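Chemist: The structure is given below, and queries will be raised subsequently.
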Amino acid sequence: MPAQDNYLVEAQTEHAVRWLKRKTGIFQTEIAETIKTLNAQYHPRGRNKVMECLQFGGNHEFWHDFPDEEEIVAYFRHCYDFAVKYIGFLKTDKNIICALTVTEPNRRNLFLYYLPVTDKWRVKAMSNYKSENGNKLQKRDESGNPIYKTRRFITAPLLCHSEFWKQRGEEMSYSVLQECFYQEISKRYGAKRGESTSLLKYTTPEQAIRFNRCKNDEYDIFKNPKGIWV
């Protein structure tokens, strides 16, 4: 967290900063207070992330099409409202620590720091059978696939990166986010997204059509780290 705190201090010193939601303390303190306010469950294990950051911006040419500074401010407000609706806890800003725009000589960005808190998540459905060690085994369907059930606690939500994004599309969650943002916000401002190089299974149907993608095209083949096509 100190790195993020230091970045915001430097940004306010060196660049023009506009707050959409201001934080008053260091991130560590703000995070603890937000967890307490939401009564969120948090299990610090594995790669569970406490805080994430959404970033909205555009290249130098993108900003040239705006008539004035007020329109740019309005654009970032639309981005913030979109984020609240998409990643906000119950579509509110209660899990958002802070949000600010940073204007540098050649770029502008909105940084939105938030906790991935979800009121719904999946848990294993356990059977009455036990393993050799005496632990209960997970239920499975007729095809042998593990069975899960959904829990929902508004008054005691879960702070968990993986479960947060599973509720927003699982392995396609970032593509769904990008497509929603394109359709709701950036398309209205004439933005054009570049060519998709993701595997087709990570691309939404709408994106596949816009990028003229099809099964077994050159981007639908896995490329290993050594650069060999397989």
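Chemist: So if I take the centroid of the Cα atoms in the range 113-140 and the same for the range 1-24, what is the distance between those two points in Å?
Modeler: 39
Chemist: Would you work out which of Thr203, Phe66, Leu38 lies farthest towards the positive end of the dipole of the chain? Charges go on Cβ: Lys and Arg +1, Asp and Glu -1.
Modeler: The residue sitting farthest along the positive end of the dipole is Leu38.
Chemist: So, one more: Any chance you could run the full-extension gain for Ser127 through Arg45? It's 0.36 nm times the residue separation minus the Cα-Cα distance, nm to one decimal. Walk me through the numbers before you get to the answer.
Modeler: On the way: separation 82, 0.36 × 82 = 29.52 nm, distance 2.51 nm.
Full extension of this stretch gives 27.0 nm more.
Chemist: Next up: Any idea what the dipole of the chain comes to, in debye rounded to 20, about its Cα centre with Lys/Arg Cβ at +1 and Asp/Glu Cβ at -1? Don't skip to the answer; put the middle values down first.
Modeler: Details: 36 positive and 29 negative charges, 271 e Å.
Result for the chain is approximately 1300 debye, rounded to the nearest 20.
Chemist: Using DSSP to define loop residues, name the trypsin sites (Lys or Arg not before Pro) in the range 1-69 whose beta-carbon has at most 11 other beta-carbon atoms within 10 Å.
Modeler: Taking the range 1-69 and a limit of 11 other Cβ atoms within 10 Å, the loop trypsin sites (Lys or Arg not before Pro) found are Arg22, Arg45, Arg47.
Chemist: Below 8 Å between Cα atoms, with a sequence gap of 6+, how large is the relative contact order for the chain in percent?
Modeler: 19
Chemist: Report relative contact order for the range 1-99 in percent, whole number only (criteria: Cα-Cα under 8 Å, sequence separation at least 6).
Modeler: 40
Chemist: Same structure again: What percent of all Cα-Cα pairs in the chain falls in each 10 Å bin, counting up from 0?
Modeler: Calculated over all Cα pairs of the chain, the distribution is 6, 24, 29, 26, 11, 3, 1 percent.
Chemist: Further question: List, in the order given, every pair from Lys85/Lys187; Lys85/Lys201; Lys136/Lys201; Lys139/Lys166 whose Cα-Cα distance in the structure shown is over 23 Å. Intermediate results must be reported in sequence, preceding the final value.
Modeler: On the way: Lys85/Lys187 18 Å; Lys85/Lys201 25 Å; Lys136/Lys201 34 Å; Lys139/Lys166 20 Å.
Flagged as over cut-off: Lys85/Lys201; Lys136/Lys201.
Chemist: With every protein chain present, what is the per residue accessible area of the range 56-139 (1.4 Å probe, Å²)?
Modeler: Spelled out: the 1.4 Å probe surface of the range 56-139, per residue, equals 53 Å².
Chemist: Something else about it: Which aspartates and glutamates have a Cα less than 20 Å from the Cα of Lys49, not counting those fewer than 8 places away in the same chain?
Modeler: Cross-link targets: Asp5, Glu30, Glu33, Asp93, Asp119, Glu163, Glu170, Glu171.
Chemist: Kirkwood-based Rg over Rh for the range 84-213 (C-alpha set), two decimals?
Modeler: In the range 84-213, Rg relative to Rh is 1.09.
Chemist: In square nanometres, what is the average projected area of the Cα convex hull of the range 1-75?
Modeler: Value for the range 1-75: 7.2 nm².
Chemist: Could I ask something else about it? Report, in deg cm²/dmol and to the nearest 500, the calculated mean residue ellipticity at 222 nm for the chain, where each DSSP H run with n ≥ 4 adds -39500 (n - 2.57) and the sum is divided by the residue count.
Modeler: Theoretical 222 nm ellipticity from helices: -9500 deg cm²/dmol.
The values are calculated or read from the model by the stated rules, or taken from the named source; none is laboratory data. Note that the structure is a prediction, hence the values are computed from the model and not measured. Because the Cβ atoms are built from the backbone with ideal geometry, glycine has one as well, and the counts that use them run over all protein chains shown. Only protein heavy atoms, including side chains, enter the accessible area calculation; ligands, DNA and RNA are left aside. Shrake-Rupley method; radii C 1.70, N 1.55, O 1.52, S 1.80 Å.
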